[in-house]
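Here is the structure we will look at, set down as structure tokens.
The values are calculated or read from the model by the stated rules, or taken from the named source; none is laboratory data. The shown structure was predicted, so the numbers you read here are calculated from the model rather than taken from an experiment. Positions of Cβ are backbone-derived with ideal geometry, glycine not excepted, and every protein chain shown enters the neighbour counts.
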Ligand SMILES: Nc1ncnc2c1ncn2[C@@H]1O[C@H](COP(=O)(O)OP(=O)(O)O)[C@@H](O)[C@H]1O
Ligand SMILES: [Mg+2]
């Protein structure tokens, strides 16, 4: 049996299904992230685990115990919510010590444990300061120390890094993972930021409109998204509508606006969970990540193209290449040499193994929810 189990949990508010039939098993010591756009039910799910929101149906089990109806303060979980403010009139030390006092831990042990927790988040020298004397990142780390000092069986983090600026956020991602590894606490984190979810988690749970649509290791989610929504939501992607023209053995030929493209005929089984090989005449949407496209010299590769835009991303260049399939995005590593010129004629190439196939037609337009955080 898993350490933390959500069995078919549902939360309804009036007619709204905020969370529908969520089933998830988290192993002891695992770091799992709930990833999805704003409003998809991540916080509600976490709050049900915490005990701040009652489940409408379903059950929650912790270490073999049914905690579905247990009061929040008896669950003993460590919680860092975005809006979980520090006590402004207390020092860093006292903020961290507070939970231990509530648990009536003796004073001498309290001191040792608070010092240990502050050491872990690199704030030992700041024990005597007040929250207003700290930077955003330091405050966030105090909140983390306060949650882990009680040695909770499960740590719940809701967008713990979202108030930090980009650079600090990235540094804190690695720090958070490092701390979690040292302490070994089973952790469930909520985030709408795919980079954050990918860099820290053992497994990522993707949610759409209250439901889980995929649970997988981060690279599997990126390389084998189960829905078109996921392929758009996690990273950039080129989505190309097509029709299967012929299937022969391991390969299928798909026509994209009259351009034939060869793909793995079994790849339909991988996508959308609908199973089975592709059939002739079937409508499909091909999905190719920008970094999987290679830009070659003009006249080479699978398709001709012309550079229409280019963006410098620091470690990479992002190109828009116009050609017979419309505009494709291609990302190439910045190897230090000069980029391609605007209007330069190029060839576009890829290997068949990088093409993912979604069965069915493409959604009309990108989901506006993807834009909103
Ligand atoms: N207390 C509440 N009353 C009514 N609706 C709520 C309440 N809490 C959340 N919701 C709704 O439930 C849905 C999921 O919200 P939430 O779990 O906060 O999403 P997320 O954390 O993924 O952004 C949203 O449509 C939200 O408006
Ligand atoms: Mg939320």
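Table for the structure above
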| quantity | calculated |
| --- | --- |
| Members of the range 151-169 that are surrounded by fewer than 19 Cβ atoms within 10 Å (Cβ to Cβ) and either closer than 22 Å to residue 97 by Cα or touching a residue at least 60 places away in the same chain (Cβ under 8 Å) (or both) | 151, 153, 162, 163 |
| Wholly enclosed strands (runs of 3 or more DSSP E) of the range 296-368 bearing at least 1 residues at pLDDT 95 or above and in contact with a strand residue (DSSP E or B) (Cβ under 9 Å, 6 or more places away or on another chain) | 303-312, 316-323, 326-333, 345-349 |
| Lone unmet requirement of (1) modelled with pLDDT of 95 or more; (2) in contact with a helix residue (DSSP H, G or I) (Cβ under 6 Å, 6 or more places away or on another chain) for residue 145 | (1) |
| Hits in the range 242-252 - residues which are in contact (Cβ under 8 Å) with a residue 60 or more places away in the chain and crowded, with 17+ Cβ neighbours inside 10 Å | none |
| In the range 323-342, the residues that are surrounded by fewer than 16 Cβ atoms within 10 Å (Cβ to Cβ) and more than 26 Å from the chain's Cα centre (by Cα) | 324, 326, 327, 335, 336, 337, 338, 339, 341, 342 |
| Matching option when the condition is more than 26 Å from residue 234 (Cα to Cα), surrounded by fewer than 18 Cβ atoms within 10 Å (Cβ to Cβ) and in the same structural domain as residue 210 (by TED's automatic domain parsing), among 14, 39, 51, 58 | 14 |
| Test: residue in the range 65-86 that is farther than 21 Å from residue 154 by Cβ and either in a strand (DSSP E or B) or within 16 Å of ligand 2 (Cβ to nearest atom) (or both) | no |
| Subset of the range 140-171 (residues that are farther than 15 Å from residue 194 by Cα and in a helix (DSSP H, G or I)) | 140, 141, 142, 143, 144, 145, 146, 147, 148, 167, 168, 171 |
| Which listed residue is in contact with a helix residue (DSSP H, G or I) (Cβ under 8 Å, 6 or more places away or on another chain), away from ligand 1 (no atom under 13 Å from the Cβ) and at positive phi, from 39, 51, 58, 64 | 51 |
| Some residue of the range 100-112 being closer than 27 Å to residue 171 by Cβ and assigned by TED's automatic domain parsing to the domain that holds residue 169 | no |
| Residue, nearest to the chain's Cα centre (by Cα), within the range 33-64, restricted to residues that are more than 16 Å from ligand 2 (Cβ to nearest atom) and either within 28 Å of residue 178 (Cβ to Cβ) or assigned to a helix (DSSP H, G or I) (or both) | 62 |
| Residue 34 vs. criteria at pLDDT 95 or above, away from ligand 1 (no atom under 15 Å from the Cβ) and crowded, with 21+ Cβ neighbours inside 10 Å | no |
| Residue list for the range 216-262, filter: part of a strand (DSSP E or B) and over 15 Å from residue 279 (Cβ atoms) | 216, 238, 239, 240, 241, 256, 259, 260, 261, 262 |
| Positions within the range 184-202 being outside any strand (DSSP E or B), within 16 Å of ligand 2 (Cβ to nearest atom) and over 16 Å from residue 232 (Cβ atoms), in sequence order | 196 |
| Hits in the range 100-113 (condition: surrounded by 16 or more Cβ atoms within 10 Å (Cβ to Cβ) and in a loop (DSSP other than H, G, I, E, B)) | 105 |
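Yes or no, residue by residue, for (1) at positive phi; (2) free of Cβ contacts under 8 Å to residues at least 24 places away in the same chain; (3) within 12 Å of ligand 1 (Cβ to nearest atom); (4) crowded, with 19+ Cβ neighbours inside 10 Å:
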{"position": "22", "(1), (2), (3), (4)": "no, no, yes, yes"}
{"position": "29", "(1), (2), (3), (4)": "yes, no, no, no"}
{"position": "73", "(1), (2), (3), (4)": "no, yes, no, no"}
{"position": "98", "(1), (2), (3), (4)": "no, no, no, no"}
